[in-house]
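For reference, the structure discussed in these notes is given below.
Just so you know, all these numbers are worked out from the coordinates, no wet-lab data involved. Here the structure is a predicted model, which means the values were calculated and not measured. Here the Cβ positions follow ideal geometry from the backbone for every residue, glycine too, while neighbour counts run over all protein chains shown.
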Amino acid sequence: MDVPGSEPSDEALAARAAAGDDLAFEALVIRYQARIYRLATRMVGSDSDAPDVVQNAFLQAYRGLASFRGDSRFSTWLYRIATNAALMHRRGRSRRPVESLEEYLPRFDSDGLHCATPEEIQLAIHVEDRIDRTRLASSAREALDRLPEMYRDPFVLRDLEELSTAEVGEVLGLEPATVRQRVHRARLMLRGYLNHLVTVNA
C-alpha cells in the first residue's frame, strides 16, 4: 500500500499497468531503463546490441504484466525477463571466439599448497594499485567478456547488479549454492587475469 505523498511502489505501478494504465508502465520504464540498459550491456558485451535487448525486455514485460502476481519483487521479475532477453539475443548471434579465463584460476600442488610465489601473491593483493583506473576498467570489461557464460551471468547479476544470491537464483533458475559457487569461481578467474596483467607489466 502506498503512503500518500510518497512515490508509488513498483508493485503498485505494475498493478495499475496490468489494469490498463499505460502511464504507470511508463513510470516503471523510466525507473528501470538505465539499470536494464546496463544489465544488457554487461550480458551481451556490446553497447550497440543493448538497445535491442532493452526494447525486447520491456515489450515482454508489458505483455506479461498479467502474469506478475507479486510472489517476488517486481525488480526480480523484470531482471528475469531482461536476462532471458539478453540470453536469447546472445544465442541468436555468433559470438566471436575468445580465450577463456579458466587458465587464470589458482593452481595448487600435490600437497595442496598454492603454486604462486610469495612475490606473485603480493602482486595479486595490490593489483588495483598497480594498474591505472582507466586501464583497470578497460581490462575488467575485456575480462568479463572472456568469462565462460555459466559464470559470467551469475557474476554480473550478483556482483555488478548487486542482486541477492536468492534473487540471482530465481532469475537464472539455479540453487543458491550453485550461484555462490559460480560467482566465487568467476571472481577467482577475474582476479587471476588481472594479476597476470600486473605480473607481465611489472
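Taking a ≥ b ≥ c as the square roots of the Cα gyration tensor eigenvalues, the range 10-91 comes out prolate, since a/c reaches at least 1.5 and a/b is larger than b/c. For the pair ASP145 and GLU11, the difference between a 0.36 nm per residue extended length and the Cα-Cα distance amounts to 44.9 nm. Hey, with R₀ at 35 Å, roughly what FRET efficiency would LEU23 and ARG187 work out to, going by the Cβ-Cβ distance, to 0.05? Once the sixth-power term is evaluated, E becomes 0.25. In a DSSP loop and with at most 10 other Cβ atoms within 10 Å, the trypsin sites (Lys or Arg not before Pro) in the range 1-86 are ARG69.
Rounded to the nearest 0.05, the FRET efficiency derived from the C-beta distance between SER46 and GLU162 at R0 = 25 Å is 0.65.
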